[in-house]
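S.K.: I have a structure I would like to understand better, so I am pasting it below and will then ask my questions one at a time.
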Amino acid sequence: MAHKFSFYNTLKRDVEEFIPREDGKVSMYTCGPTVYHFAHIGNIRTYIMQDALIKALEYCGYDVKRVMNITDVGHLSSDADTGEDKMLAGAKREHKTVMEIADFYTKAFFKDFDAVGNKRPDVIEPATNCIPEFIHMVETLLEKGYAYVAGGNVYFDTSKLEDYYVFSSAIEKEQLAVGVRDDVEEDTAKKNKTDFVLWFTKSKFEDQALKWDSPWGVGYPGWHIECSCISMKHLGEFIDIHCGGVDNIFPHHTNEIAQSESYLGHEWCKYWFHSNHLNDRAGKMSKSKGAVLTVSVLQEKGYDPLVYRFFCLQSHYRKPLEFSFEVLDNTVTAYNNLVKKVEALIASDETLKALSEKCKQDKASEAAEATDVAQVLEAIRNSADVDQNVKKEFEDKFADAVSNDLNTSMAITLLYDVLKADTNAATKLALVDSFDKVLSLDLIGHALADDSADIDPELEVYIKDAIERRAAAKKAKDFATADAIRDELLAKGVEIKDTREGVKWTLI
Ligand SMILES: [Zn+2]
């Protein structure tokens, strides 16, 4: 039986209890990146909060299947189908082909996506893989009378819907109806201002690199259609949760609903999860203000990507978050303090201490069968010293926090509470490990990798030097000296072994 879970459903403009279609199972769709440029840290914030949502659902007993698209065609510089194709602009900017651009930025995206501790979606589908599906949906929408051909393009006719602005309140709807996108150039082929392109033909861009045959001429799909099709391809006619940034609410998600529900003839997705912007002091993060601040750039500057994750988790996903290096530096300090606390807990438990020391030494000596973090985690999970009552009490509180509109800052407060709690080290560590299923801060892994608790650097230099001297002696067939060096090391508590990968050493 899954834990009760609530979050803010944009469609209902309220925090709502989440009830999936199938008990305990969640089908989730998340809009992926447009791979024409780097994803800045604000984009990555959205993916961190989605990752926290997925892991929180899993923590509460749900089984989540997640699908994400990669937009490698059809996204114009304005979301209202005007301006330049983003992929084409990227290719021109960098004197590469569109496919080269897509490949390069997809890889760059996932490097940063992974680095902040996110779990990859179960299905990742580039839009260019699904052209027949797009054409089929557009054909059906034309047959059903929800679409029309004009000026070479196929448009969705928003006037056919009773309620197009599904995400807006009555007042917002009035305002939107009056001033829809007055700031953008008007496409004269559209019947209604809010109509959007389902399929572009070559008439739009002479030099469009990616184009396919279609019943309406050679062309390419609109941006919105890809999410509807890719979601249905992998998750069927219904999805439980659709995620994105607040930027996506209008027009992208509004249009996704319009075309999906017109195509299907029934409701498509009940719950919409949107995370807010990351701002810097100059305002909203964007790619147009010079150099793009990415997770990789933070890493080059010496910041651990998980510190950035920690920074994001400390604030609520529905609030705008302001980024500054000052705040990030404070987060580094807080993160390192947590690692130190975890390290002290490990050191206070005899079994774990021995195991972690062996883990560090094996790593330092590159032992073939190194004791790894997984073995230490295994020992933490199986420790007989854990007070199961205390553990359950904290785990329940943690589940309450993350299931209450994804209150990640409360979840982190609970982590601090655990570290301060009046219970033994084994219980605390078991809880740090348990909470990490959602937080993914890898505090235990960092505690085990922390150099400050490593072997004395002087001893390390000495060991390396002794191993070299012994190798030289052996090469010169001076076995007496080689043996003497081995004994000398042994006297200092260092055991060496000759392996196929070279000489390995361990402290005994
Ligand atoms: Zn989308």
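S.K.: So which residues in the stretch 356-386 are of a type in the set (D, E, K, R), in a loop (DSSP other than H, G, I, E, B) and farther than 26 Å from TYR308 by Cα, if there are any at all?
M.R.: GLU366, GLU369, ASP385
S.K.: Evaluate the following for LYS233: is it in a strand (DSSP E or B) and surrounded by fewer than 19 Cβ atoms within 10 Å (Cβ to Cβ)? Steps first, please.
M.R.: On the way: in a strand (DSSP E or B): no; surrounded by fewer than 19 Cβ atoms within 10 Å (Cβ to Cβ): yes.
The answer is no for LYS233.
S.K.: Let me ask another. All but one of (1) in contact (Cβ under 8 Å) with a residue 40 or more places away in the chain; (2) more than 30 Å from LYS341 (Cα to Cα); (3) of a type in the set (Val, Ile, Thr) hold for THR408; which doesn't?
M.R.: (2)
S.K.: Out of THR294, THR254, report the one residue that is surrounded by 15 or more Cβ atoms within 10 Å (Cβ to Cβ) and over 29 Å from PHE167 (Cβ atoms).
M.R.: THR294
S.K.: Now for a separate question. Suppose we keep only residues that are within 13 Å of the ligand (Cβ to nearest atom) and part of a helix (DSSP H, G or I) within the stretch 259-275. Which one would you say is surrounded by the most Cβ atoms within 10 Å (Cβ to Cβ)?
M.R.: For the stretch 259-275, the residue satisfying everything is GLN259.
S.K.: Still on this structure, I have one more. Across the stretch 208-230, which residue is farthest from the ligand (Cβ to nearest atom) among those that are hydrophobic (A, V, I, L, M, F, W, C) and surrounded by fewer than 18 Cβ atoms within 10 Å (Cβ to Cβ)?
M.R.: VAL218
S.K.: Here is a follow-up. In the stretch 277-355, which helices (runs of 4 or more DSSP H) lie fully inside it and hold 2 or more residues that are at pLDDT below 95 and under 20 Å from the mean Cα position of the chain (by Cα)?
M.R.: Result: 295-300.
S.K.: On to the next question. Can you tell me how many residues within the stretch 236-251 are more than 9 Å from the ligand (Cβ to nearest atom), surrounded by 20 or more Cβ atoms within 10 Å (Cβ to Cβ) and not aliphatic (A, V, I, L, M)?
M.R.: 5
S.K.: Provide a single number: the residues in the stretch 441-473 that are at pLDDT below 90, surrounded by 11 or more Cβ atoms within 10 Å (Cβ to Cβ) and among the charged types (D, E, K, R).
M.R.: Residues meeting the conditions: 6.
S.K.: Determine whether LYS86 is under 18 Å from VAL123 (Cβ atoms) and either touching a residue at least 40 places away in the same chain (Cβ under 8 Å) or within 16 Å of the ligand (Cβ to nearest atom) (or both).
M.R.: Taking the combined requirement at face value, the residue does not satisfy it.
S.K.: Say we look at the stretch 50-71 and pick out the residues that are of a type in the set (A, V, I, L, M, F, W, C) and either part of a strand (DSSP E or B) or within 16 Å of the ligand (Cβ to nearest atom) (or both); which of these is nearest to the chain's Cα centre (by Cα)?
M.R.: MET68
S.K.: Could you give me the residue pairs with C-beta distances under 7 Å whose first residue belongs to the stretch 214-237 and is more than 13 Å from GLY74 (Cβ to Cβ), whose second residue is near the ligand (Cβ under 10 Å from one of its atoms) and modelled with pLDDT of 95 or more wherever it lies, and which are 6+ apart or on separate chains?
M.R.: Sorted first by the residue in the stretch 214-237, then by its partner, the pairs are SER231/TYR29; LEU235/TYR29.
S.K.: Now a separate question. Can you tell me which residue is modelled with the lowest pLDDT among those in the stretch 95-119 that are in a loop (DSSP other than H, G, I, E, B) and touching a helix residue (DSSP H, G or I) at 6+ places or on another chain (Cβ under 7 Å)?
M.R.: Residue satisfying both the conditions and the ranking: THR97.
The values are calculated or read from the model by the stated rules, or taken from the named source; none is laboratory data. Computed from a prediction, not measured in an experiment: that's the story for all the values here. Positions of Cβ are backbone-derived with ideal geometry, glycine not excepted, and every protein chain shown enters the neighbour counts.
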